Amino acid sequence: MIEIFDFRKGIDDGILQKLHNRSKLENREIAKKVEEIISNVRERKDKALFEYTYMFDGINLDKSTVKVTKEEIKNAYKEVGEEFLKAIDKAIKNITEFHEKQKQSTWMDFKEGIIYGQIIRPLSQVGIYVPGGTAAYPSSVLMNGIPAKVAGVERIVMVSPASKKGINPYVLVAADRIGINEIYRVGGAQAVAALAFSTESIPKVDKIVGPGNIFVAMAKRALYGHVDIDMVAGPSEVLVIADEAANPKYVAADLLSQAEHDIMASSILVTTSLKVAQQVKTEIERQMEYLGRKEIIEKSLKNFGAIIVVNDLQEAIGIANDIAPEHLELNISNAFEIIGEIKNAGAVFVGEYSPEPLGDYLAGPNHVLPTSGTARFFSPLSVTDFIKKMNILYYSKDSLREAKEDVITLANSEGLTAHANSIKVRF
Ligand SMILES: NC(=O)c1ccc[n+]([C@@H]2O[C@H](COP(=O)([O-])OP(=O)(O)OC[C@H]3O[C@@H](n4cnc5c(N)ncnc54)[C@H](O)[C@@H]3O)[C@@H](O)[C@H]2O)c1
Ligand SMILES: N[C@H](CO)Cc1c[nH]c[nH+]1
Ligand SMILES: [Zn+2]
């Protein structure tokens, strides 16, 4: 069960290091396994892909069954209710609105005899990973697919692990709603490797995006360079900062919401009140009793959960910035006053009526967010992930003549005489 650590007499670095999510990426055993899967799929292609799918997901696939058919998507509609369709269409509207604001335009500037600028182009082909091991994620279909659509990506290839019953119908309907129709029922590190290198059934893509468990996150990280990736988006995390006025019931519920994702998910509370700390612990135990997924929650809270008591908000902010959580909830009075001090978090949820699951599903901001401490340098998934830029340059003869001596001087300073010559031969 989740433990309370009292840091009021001094921050315990040992405990903090243990809680650091970046340590998950240092797990040598998992890294070795992932490397082995990647090299096997690279060499033996479909054969290895189907073997691993049988080993981890328990389903037998071949070239003729790996791709989801139109018929399956049609049948999926029979299994989802009207209420789901209404909710998902609302989510699509909000997520699209949010991401439309991220669009970038080609720009050109003109000086006398000079034109320069940047041309924006969508990526041609991207792979989106939609998790499906311990739960199915129709919401992740939208969060991955909508920014790609808004950017104008031509070919979106979706992979998601299936069970014996096939891919979850809610996932298939979500994909259909936003116009994704190239879907393969494979997951894990083997699916990521297939997207990076091609197999006989799955043609490779230029970039792989999307969240997944530690195997998926490590595979994406290992394959960066063969293919582009968005970020490391592994097991979910939430860090809540709460003061003495926070409602323990809400705080406990939000910690539990992320713990249910994965045995490696992490839920951390940092509070200035010992009373709130104790009440949240009691609430967690109470609420757990009526939730499902108890086994996952228990493991996650025991290994990656913590309640930390600190002296003041400054200490709490320091810990949050150090851990750089995927989600940061500010459950404190006047939260907007301290937002300027938050440096590292994938997404910040302000006030007690902005619980993290609101962002997971409906509000509009993307839920594919950096984890394992990588919010120090990665950003949430956005339209920018699906575009690239090309610089464009034009000089007239007169403009080049004016620039000539400076270019030659700079080329000579690097000892690159052929560069200097390329200018000289024109005059
Ligand atoms: N960071 C984010 O933005 C974000 C968003 C949504 C979900 N998530 C996370 O996505 C994850 C979803 O995980 P999941 O497991 O439900 O689905 P998943 O699709 O990520 O992983 C399932 C796959 O993992 C592989 N796998 C499982 N056990 C294995 C083993 N022992 N060895 C090798 N491969 C193995 C299998 O191939 C299986 O198909 C959760 O951790 C959740 O927290 C993160
Ligand atoms: N909290 C997850 C991101 O870490 C996203 C999600 C999808 N469905 C529910 N939650
Ligand atoms: Zn969630």
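The values are calculated or read from the model by the stated rules, or taken from the named source; none is laboratory data. Given the structure is predicted, the values throughout are model-derived calculations rather than measurements. As a convention, Cβ positions derive from the backbone with ideal geometry for all residues, glycine included, and neighbour counts pool all protein chains shown. Please note that ligands, DNA and RNA were not included when accessible areas were found on the heavy atoms of the full protein model with its side chains. Shrake-Rupley method; radii C 1.70, N 1.55, O 1.52, S 1.80 Å.
For this structure, a couple of remarks:
- Cα centroid separation, the stretch 86-124 to the stretch 231-265 (Å): 33
- Accessible surface, per residue, of the chain when the full set of protein chains is kept, probe 1.4 Å, Å²: 48
- Computed from Cα atoms, the angle from the helix 188-197 axis to the main principal axis of the chain rounds to 0 degrees.
- Fraction of beta bridges assigned by DSSP in the chain that are antiparallel (%, nearest 5): 30
- Other residues within the sphere of radius under 12 Å centred on the Cβ of K90, judged by their own Cβ, net out at 0 (K and R +1, D and E -1).
- Principal axis dimensions, the stretch 4-134 - Cα atoms, whole angstrom, descending: 61, 60, 44
- Cα-Cα over 24 Å, subset of K78/K164; K45/K67; K33/K149; K86/K388: K33/K149; K86/K388
- Paramagnetic label zone (point 7 Å from Cα along Cα-to-C-beta, K404; backbone N under 18 Å) in the stretch 110-135: 113-114
- The label-point distance for R286 and A87, in a model that sets each label 7 Å from Cα toward Cβ, rounds to 2.5 nm.
- Helix axis angle, 274-288 relative to the chain longest principal axis, alpha carbon, degrees: 90
- For the pair I392 and R155 in one chain, pulling the backbone fully straight at 0.36 nm per residue adds 82.8 nm over the alpha carbon distance.
- Environment charge at A375 (Cβ cut-off 12 Å; Lys +1, Arg +1, Asp -1, Glu -1): 0
- Values of log10 I(q)/I(0), in the order q = 0.13 Å⁻¹, for the stretch 28-233 under a Debye, Cα-only, solvent-free model: -0.71
- Contour excess over end-to-end distance, with Cα ends at F377 and T65 and 0.36 nm allotted per residue: 108.4 nm
- Antiparallel bridges, percent of DSSP beta bridges restricted to the stretch 28-233 (to nearest 5): 35
- Surrounding net charge for I156, when Lys and Arg each add one and Asp and Glu each subtract one, Cβ distance under 15 Å: -1
- Y77-K343 pseudo-label distance in nm [points 7 Å out on the Cα-to-Cβ vector]: 5.2
- Length gained when the stretch E414-I4 is fully extended (0.36 nm per residue, less Cα-Cα span): 141.6 nm
- Centre-to-centre separation between the Cα atoms of the stretch 1-48 and those of the stretch 298-329: 17 Å.
- Highest GNM mean-square fluctuation among H226, H367, H99, for the chain modelled with Cα contacts below 10 Å: H226.
- Probe 1.4 Å - accessible area at E79, Å² to nearest ten: 120
- Kirkwood hydrodynamic radius over Cα pairs of the stretch 235-367, then Stokes diffusion coefficient at 10 °C and 1.306 mPa s, in µm²/s: 110
- Note on the chain: along the principal axes its Cα atoms extend 82, 57, 43 Å, ordered by decreasing extent.
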